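This report concerns only the one structure given below.
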Amino acid sequence: MQRDNKTLDQIYDLFALRILVDNVKDCYSVLGIVHEMYTPMPGRFKDYIAVPKKNMYQSIHTTLLGPKGTPFEVQIRTWKMHRTAEFGIAAHWAYKEASNKGSKEAVIVTDDKLAWLRETLEWQKNTENPNEFLNTLKKELFEDEVYIFTPKGMIKVLPKGATPIDFAYSVHEQIGHKMVGCKINSKMMPIITPLRNGDIVEILTSEQSKGPSRDWLKFVKSSSAKTRINQYFKRAQRAENIEKGKDLIEKEVKKIGIKYSDLVKPEWLALAMERYKFQTVDDLYASIGFGGISVNKLMARLLDEYRKEHEEEDFESKIEELSQAKPTRNKPSKTGVVVKGIDNCLVKLSKCCNPLPGDDIVGYITKGRGVSVHRTDCANVKDLFNEENRMIDVYWFDDVNGSYKVEIEILANDRSGLLKDIIKQIENFKVKLTGVNTRTTKENIAIIDVSIEVENTQILNKILSAFRNVESVYDVNRKRG
């Protein structure tokens, strides 16, 4: 009562009766008898025999009003259903009623009973993080469900919030891969529409379909759909994923400022392959390319090996060397950044986060490339540059002149004239536009990457606010690196 914030008169299963019978037909016969004897309470009837729960639980639940008006619950199930409810899913596989009453129960495992187990093992195989697998399993067993119908009346049980994409993959893997649209209750609807109990869904497919979109992974709720989409990209785009993985690694190495051959050594890659259970280096590249493991995880592991090899280097002496001049006043570098206590020092603004005047910043002493300046919220500061003895205080000069590059991501529902309206806002602020990249997903979501040059964060915040006010735009973010 305390947990669910209910009063005593709202507890309907304070008294309960369980009736066990020999077969499903008897379950419904008993249901008719108890409904004749006592008045059923509206909205308190659930038939888990016709529509079992995902964990294979089956039973009929009904709440009745007793002779003195006291509600009580009745559960009706077969002995076989009772074993599953009492002893778990394993009982569902392990025993089968013998046809002759006098004979012993025989141990039998059937394909349909093992389907759920096979699917669970498939998720585990494709999930490298054990905690992620455990969370997935808990969601599949205990999360709320919706019951969806095919046009021919078959029922599909899906997690709450599931979309037609989940439904398509629950019918068949190829149906999901070739999906191009859907009808919900005979009406054309977006394939990312959340489904509700009782919806009738028809999946439209095409042989000319280019396959699933990576963006589908943002919307699907069922583990089986996520697994099959990920497998598709593993198989169909392996070569592309390998090249993408290599490219991501090269970009990250450039951000760090260490020579590629000094950091990405074959023997260190072999250690990473062993850690993440990859057979070949191409498997590692492909996994990074399709998002199986993040490039930052690999970089952190390579950097650990790099630090072990270079631990004899005294970075404190490098800092002392930089400050030998002991300047009488702080001078800004060409970037407008002052390195505290050090003059005539090479300073570079990091390209991964593009800091600009007004941002909170931190300095990092690189190997032979001076001081690299990052925003304090840059992902690389947190994940890679965690050595305190290489950090140094930096700040913006009071009178900074010049313009600084900023990268912005805009998400919107696609429409005619959207890009024109975005560029118009840039023109209104008279700032320089240095680059635009647009793409539209299968769900009709426009993703617009804009590069501009601004003088400080005050101007940037005004531009971001103007972008948010553009019609159909629903999210605007400055890229963090």
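Looking at (1) at pLDDT below 85; (2) in contact with a strand residue (DSSP E or B) (Cβ under 7 Å, 6 or more places away or on another chain); (3) of a type in the set (Asp, Glu), can you tell me which one Glu202 breaks?
With respect to (1) at pLDDT below 85; (2) in contact with a strand residue (DSSP E or B) (Cβ under 7 Å, 6 or more places away or on another chain); (3) of a type in the set (Asp, Glu), Glu202 is out only on (1).
Looking at the range 219-239, is at least one residue at pLDDT 85 or above, over 11 Å from Gly176 (Cβ atoms) and out of contact with any Phe, Trp or Tyr (no Cβ under 9 Å at 6 or more places or on another chain)?
Scanning the range 219-239, I find at least one residue that is at pLDDT 85 or above, over 11 Å from Gly176 (Cβ atoms) and out of contact with any Phe, Trp or Tyr (no Cβ under 9 Å at 6 or more places or on another chain), so the answer is yes.
Can you say whether Gly211 is surrounded by fewer than 18 Cβ atoms within 10 Å (Cβ to Cβ) and more than 23 Å from the chain's Cα centre (by Cα), as far as the supplied structure shows?
Here the answer is no, as Gly211 does not meet what is asked.
Out of the range 248-296, which residues are under 21 Å from Arg307 (Cα atoms), of a type in the set (Ser, Thr, Tyr) and more than 25 Å from the chain's Cα centre (by Cα)?
Tyr260, Ser261
Residue by residue, here is whether (1) in contact with a helix residue (DSSP H, G or I) (Cβ under 6 Å, 6 or more places away or on another chain); (2) more than 24 Å from Arg235 (Cβ to Cβ); (3) polar (S, T, N, Q); (4) crowded, with 17+ Cβ neighbours inside 10 Å holds:
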| site | (1), (2), (3), (4) |
| --- | --- |
| Leu271 | no, yes, no, no |
| Asp283 | no, no, no, yes |
| Ile288 | yes, no, no, yes |
| Val295 | yes, no, no, yes |
| Tyr306 | yes, yes, no, yes |
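Can you give me the ranges of the strands (runs of 3 or more DSSP E) entirely in the range 1-86 with at least 1 residues that are in contact (Cβ under 8 Å) with a residue 60 or more places away in the chain?
Fully inside the range 1-86 and qualifying: 16-21, 71-78.
Which ranges mark the strands (runs of 3 or more DSSP E) fully within the range 141-200 that have 2 or more residues being closer than 13 Å to Ser222 by Cα, touching a residue at least 24 places away in the same chain (Cβ under 8 Å) and out of contact with any helix residue (DSSP H, G or I) (no Cβ under 9 Å at 6 or more places or on another chain)?
145-149
Select from the range 247-256 the residues that are under 10 Å from Gly289 (Cα atoms) and buried (at least 17 other Cβ atoms within 10 Å of the Cβ) and list them in ascending order.
Leu248, Ile249
If you take the residues in the range 365-386 that are buried (at least 21 other Cβ atoms within 10 Å of the Cβ) and not hydrophobic (A, V, I, L, M, F, W, C), which one is modelled with the lowest pLDDT?
Top of the filtered list is Asn380.
Quick one: in the range 182-208, which of the residues that are closer than 19 Å to Tyr147 by Cβ and hydroxyl-bearing (Ser, Thr, Tyr) is surrounded by the most Cβ atoms within 10 Å (Cβ to Cβ)?
The selected residue is Thr193.
The values are calculated or read from the model by the stated rules, or taken from the named source; none is laboratory data. Only a predicted model underlies this, so the values are computations on that prediction, with no experimental measurement involved. Note: ideal-geometry Cβ built from the backbone for every residue, glycine included; neighbour counts use all protein chains shown.
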